[in-house]
Amino acid sequence: MSIDQPALNRSRSEPPRGAASSHIRNLRIWWREVDRVLLGLIVLLMIISTIAVAAASPASARRLSTSAERLPDLYFFWKHLAWQALALGVLFGASLMSRETARRFALVLGGGMLFFMFLVPFIGTDINGARRWIDLGLRFQPSEFLKPAFAIALAWVFSWRMRDPNLPVRAVSLALTGVVVFLLALQPNFGEAVLFAGVWAVLVMLSGLSFARIGSLLGAGAALITATYFIYDNARHRIDSFLGGGTAFDQVDLAERTLLAGGWTGTGFWLGLKKMRLPEAHTDYIFSVIGEEFGLLACALILCLYLALAARVLMRMIDEDDLFTMLAGSGLTALIVGQAFINMLVNLRLFPSKGMTLPLVSYGGSSTIAMGLMVGLLLAITRRNPFLKRRTAGLAQLMGLGDEPARGRASIRGSAS
Amino acid sequence: MNAMSLMDPLAVRTAHPPISERSQLMSLREEALDTARMRILLLVALFVFIAFLGLMRIVYLGSSDRAYAATTLEEALLPARGEITDRNGVPLARMFPAYSLWFNPDAMGDGGAPLVNSPAYVAAGLKAIFPDMDQAKIEARLASGKAGYLRRRVLPEEANRVQELGELALEMPQEPDRHYPQGSMAAHVLGHVAADGHGRVGMEQVLDERLRDPALRGTPVALSIDMRVQGALEDELERGMKLNDAMGAAGIVLDVDTGEVLALASLPEFNPNKIDQEGASNMFNRVTNQVYELGSTFKPLTVAAAIDAGVVKDFGRRWDAKTVHIGKSRLRDSHSYGETLNVAQTLIHSSNTVTARIADELGAERLRRTMMDLGMHERPYIELPARGHPIWPGEDWPRIRNMTVSYGHGIAVTPLHLASAYAAMVNGGTWRPATLHKLAPGEAPRGRRVFKESTSSRMRQLLRMISIYGTGRNADAPGYRVGGKTGSAEKPGQGGYRRTSLISTFAAAFPMDRPRYVVVTMLDEPRGTVASSYQRTAAWNAAPIVGRLVPRIGPMLGVRPDERRDVDISDLKPLIPGADK
């Protein structure tokens, strides 16, 4: 018996009668095991995304129209709908996997995408001065697809410690992160590099790095950011404009004007005016467009939705007693919610402009698929047999406030202890 | 089956450690899991904290008045494209909230007929407001039910009358429009803004990025142009062009010390407010883009080069003025003024032969070097995008080419080249690039020295003498101490030069005792008319333009007429027979 083979007593269901019935059975198991609250949050965010892209599409379509070709106002909306449909399919497919399959799939995917990342400097496509894309009939960013695989792979590496505490997991994980960050810095793509480094930092923290080390890690991070500031013009401009308030009418300033133009309740759908002057309205600054048309209250709601998503997954992870699951679930959550928070803070002018999209909400083309894959894997990792009731240490006990917990937390493994 | 394999299926595959180590490993695992749980709690706290920050920020932004400040008066007044002014702040190009007339067949919103009345009735109503409209065409447009512009520019009172037609489908969206309040004045300097929102032809194109930059477009850009001078120049050029029945005219007023262009005109002009077929064909800039053989106006440059090189030391020396024979070619003067001439007489009477002989003595290389120092071998220095390549005779000049260049043939440059060269000749010998940007005091480029100070001083005397005693008399505005040289060059045509079609130029500077401005005027193919006593040469058409222009612009530019002041020519005066009379 193991955790990826649910202990549900399946003898109650009829014996297998062919492929179709086994599919139906699998689906029923999926429905019982999947985190339906999380699924609901994700679907809710995707619905918000559909509306928000519809709101932002005219602004971007007009901005990107040339005298030769005039894009219809809802150009991005229709494309986004198609991408979202595909992403939903990928999401569903990925969430059908068992935890073990998800891990293997992520490792294979990670290997493949890392290979493409190495190829990017040679066969990549340049867009806006950055070489991030690979064109194989369909254009995609390998780093987008590497993200979920990377989090899961790192979690796997850290969980080696469970078998042998002497394995150099930190060195291996650091080397892996270093390679990815280096490849990203070459493109250059600092936003993604920060995310990859961030997920590593989160996982190394969860794996029990001492607080003294965490402190020095924070110091090193600060030093690295300072170094980037002095080495890279792009980073310097962004940080300067953040600290110095920036010149009027730069992107961030336009974004704030857009965000605030609707007041608390917004101008109403398709009635925003400021968004028309905003570059990247459908991607990086979609949060501001939501602010203009649906109001600051809607912005606050979206922020709370992401927080709820993070809290839901993380609190459930506390209940887990498999380190790999804990780390993989937390890592994926940190990636999604971390990127979302950074994007929203940029829009609220609490963070320097990073060139990051709002995950699940922004228009993204092929990266919408990558995001679907990511949440699909998260759903797969967090699948749990609802009939396996664990009696884990409560939060109070964890903090040493409550009674001494009984030895053998999970009722099903009492026999061995 | 034990607890370990329950927890981690992979562990089963590892070799079983001894019991004591196993229990140690077990406790290590429990510890690791507990730590991870605590750390996940920390992570949750971190996310809660960030979300709290974000929410506080939203509350702060929402309750602050920044939402209202987002639409400031300043922003409302910020033009969609920056203003252009002249050097004194007179607006030359500004944004103007104009109306346009747009046909929106869906305005009624009921899916029925787009118009209340019949298309014929509405078209007739529009025709009554806009008499130049094609009624049949508009009626067809309205009947077709296709959205589109009916008219790009509508005046406010016209907009009111269109409103009175009571048709919802006739919309009048406000569109910021580029307006040139001075009409066609300085059109070649300004250019225009095309339908794509980008500037074309003139400074609109050069400054396009600057004018559209939201951070900068609030402040107007000042050009070096002085609108009063520009107006006078265009007025006089137009008058001269009409009097002499010329094809076109060009003129430039240049500050000799800074290179700033005070006025630049190319006639016929176009109206940047309304670009049509005819206007588009007139966008060609004769001052900076068209190259001409400018003829005798080059003679002072040759003489200056010769003085500078020490070839002309004795102004009393008499030069042979007979026809020059080089191989099969003969170089002649149009009129004979005697067997020999001195340098002053050469310029006064504009003698080709003596200038050619001076150049011959100077040598091709030294003349070529001077011409290159004056920038005659490359496109003129100015910001405008339309700048013509000179026709430059290349490296090794044969003797005959040296001689023809000396009096302005076999080399074709723009009038702007000539103006910059004259500025260098009279300002003490320093060549500076021309500019259309207003320069603050002390901002003038250092330039490069072409002539010695002493040469420049001699040239001021000689140029002044031409307009006192010679072909430039018609330009001698009393009290303004004008000095300048005429040039009447035959236009090249099929099979040699055409004797009847001329380019007549007058290149002048004033006041000669301390030159401030260079004025170059040029007429393209003037005809002999009553006004020019049936003459085609510059003395009778281009020079009088300068003679009339200088008294108009002098006072505006701070040059007062003064009969008692002049450049001292007493040492050269005895060389001119009859000058004392």
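Structure data summary
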| read-out | value |
| --- | --- |
| Residue within the range B:186-198 that is open to solvent by 40 Å² or more (accessible area, probe 1.4 Å), farther than 30 Å from B:E383 by Cα and at pLDDT 85 or above present | no |
| Of residues in the range A:56-73 being touching a Lys or Arg at 6+ places or on another chain (Cβ under 9 Å) and free of Cβ contacts under 8 Å to residues at least 12 places away in the same chain, the one farthest from A:G364 (Cα to Cα) | A:R70 |
| Hits in the range A:311-325 - residues which are within 7 Å of chain B (Cβ to nearest Cβ) and not in a helix (DSSP H, G or I) | A:D321, A:D322 |
| All positions within the range A:345-359 that are at the interface with another protein chain (Cβ under 8 Å from one of its Cβ atoms) and either buried (at least 24 other Cβ atoms within 10 Å of the Cβ) or aromatic (F, W, Y) (or both) | A:L348 |
| Residue within the range A:386-395 that is closer than 24 Å to B:F49 by Cα, at the interface with chain B (Cβ under 10 Å from one of its Cβ atoms) and either open to solvent by 10 Å² or more (accessible area, probe 1.4 Å) or at pLDDT below 75 (or both) present | yes |
| Options B:G166, B:G183, B:G218, B:G202; residue that is more than 14 Å from chain A (Cβ to nearest Cβ) and open to solvent by 40 Å² or more (accessible area, probe 1.4 Å) | B:G166 |
| Hey, B:A124 out of contact with any Lys or Arg (no Cβ under 8 Å at 6 or more places or on another chain) and open to solvent by less than 60 Å² (accessible area, probe 1.4 Å) or not | yes |
| Residues (touching a residue at least 60 places away in the same chain (Cβ under 8 Å) and farther than 18 Å from B:T430 by Cα) located in the range B:492-522 | B:P492, B:I503, B:T505, B:F506, B:V520, B:T521, B:M522 |
| Among residues of the range B:472-501, those that are out of contact with any Gly (no Cβ under 9 Å at 6 or more places or on another chain), open to solvent by 40 Å² or more (accessible area, probe 1.4 Å) and assigned to a loop (DSSP other than H, G, I, E, B), counted | 3 |
| Search result, residues across the range B:392-416 that are closer than 20 Å to B:L523 by Cα and open to solvent by 10 Å² or more (accessible area, probe 1.4 Å) | B:Y407, B:H409, B:G410 |
| Residue tally, condition open to solvent by 30 Å² or more (accessible area, probe 1.4 Å) and either aromatic (F, W, Y) or on the phi < 0 side of the Ramachandran plot (or both), over the range B:502-525 | 3 |
| Test result for B:V311, open to solvent by 10 Å² or more (accessible area, probe 1.4 Å) and in contact with an Asp or Glu (Cβ under 6 Å, 6 or more places away or on another chain) | yes |
| Odd one out for B:Y534, checked against (1) over 25 Å from the mean Cα position of the chain (by Cα); (2) aromatic (F, W, Y); (3) not in a loop (DSSP other than H, G, I, E, B) | (3) |
| Flag for B:A364 being under 22 Å from B:E490 (Cα atoms) and of a type outside the set (K, R) | no |
| Search result, residues across the range A:118-151 that are acidic (D, E) and under 23 Å from the mean Cα position of the chain (by Cα) | A:E144 |
| Which numbered condition A:A197 fails, given (1) over 20 Å from A:N343 (Cβ atoms); (2) open to solvent by less than 50 Å² (accessible area, probe 1.4 Å) | (1) |
| Selected residue (only one of A:A300, A:A308, A:A328, A:A340 is more than 8 Å from chain B (Cβ to nearest Cβ), surrounded by fewer than 21 Cβ atoms within 10 Å (Cβ to Cβ) and modelled with pLDDT of 90 or more) | A:A308 |
| Test: residue in the range A:96-117 that is over 21 Å from the mean Cα position of the chain (by Cα) and either closer than 20 Å to A:G355 by Cα or surrounded by fewer than 23 Cβ atoms within 10 Å (Cβ to Cβ) (or both) | yes |
| Residue among B:G447, B:G442, B:G408, B:G429 that is modelled with pLDDT under 95 and either over 26 Å from B:L462 (Cα atoms) or out of contact with any Phe, Trp or Tyr (no Cβ under 9 Å at 6 or more places or on another chain) (or both) | B:G442 |
| Where B:R369 falls short, out of the listed (1) part of a helix (DSSP H, G or I); (2) buried (at least 20 other Cβ atoms within 10 Å of the Cβ) | (2) |
| Single residue of the range B:141-164 satisfying the filter (without any contact (Cβ under 8 Å) to a residue 12 or more places away in the chain and of a type outside the set (D, E)) that is nearest to B:K274 (Cα to Cα) | B:N160 |
| Verdict on B:G82 being surrounded by 18 or more Cβ atoms within 10 Å (Cβ to Cβ), modelled with pLDDT of 85 or more and in a loop (DSSP other than H, G, I, E, B) | yes |
| Any hit, the range B:346-353, residues being assigned to a loop (DSSP other than H, G, I, E, B), hydroxyl-bearing (S, T, Y), in contact with a Ser or Thr (Cβ under 6 Å, 6 or more places away or on another chain) and within 16 Å of B:Y407 (Cβ to Cβ) | yes |
| Top-ranked residue of the range A:277-286 - restricted to ones that are more than 10 Å from chain B (Cβ to nearest Cβ) and either part of a helix (DSSP H, G or I) or under 21 Å from the mean Cα position of the chain (by Cα) (or both), ranked as farthest from A:L41 (Cα to Cα) | A:E280 |
| Residue match in the range B:504-519 (condition: aliphatic (A, V, I, L, M) and under 20 Å from B:D245 (Cα atoms)) | no |
| When residues of the range A:1-44 are limited to those that are touching a Pro at 6+ places or on another chain (Cβ under 9 Å), within 29 Å of A:R312 (Cβ to Cβ) and away from chain B (no Cβ under 14 Å), the one modelled with the lowest pLDDT | A:L8 |
| All positions within the range B:29-47 that are farther than 24 Å from A:V169 by Cβ and at the interface with another protein chain (Cβ under 7 Å from one of its Cβ atoms) | B:F47 |
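Conditions tested, residue by residue: (1) out of contact with any Gly (no Cβ under 7 Å at 6 or more places or on another chain); (2) open to solvent by less than 30 Å² (accessible area, probe 1.4 Å).
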residue	(1), (2)
A:S173	yes, yes
A:A193	yes, yes
A:L203	no, yes
A:A220	yes, no
A:L224	yes, no
A:Y232	yes, no
A:H237	yes, no
A:D250	yes, no
A:W264	no, no
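The values are calculated or read from the model by the stated rules, or taken from the named source; none is laboratory data. A quick note: this is a predicted structure, and the numbers were derived from the prediction, not measured. No Cβ is skipped: glycine too gets one built from the backbone with ideal geometry, and neighbour counts run over all protein chains shown. Heads up: the accessible areas ignore ligands, DNA and RNA and are worked out on the full protein's heavy atoms, side chains in. Shrake-Rupley method; radii C 1.70, N 1.55, O 1.52, S 1.80 Å.
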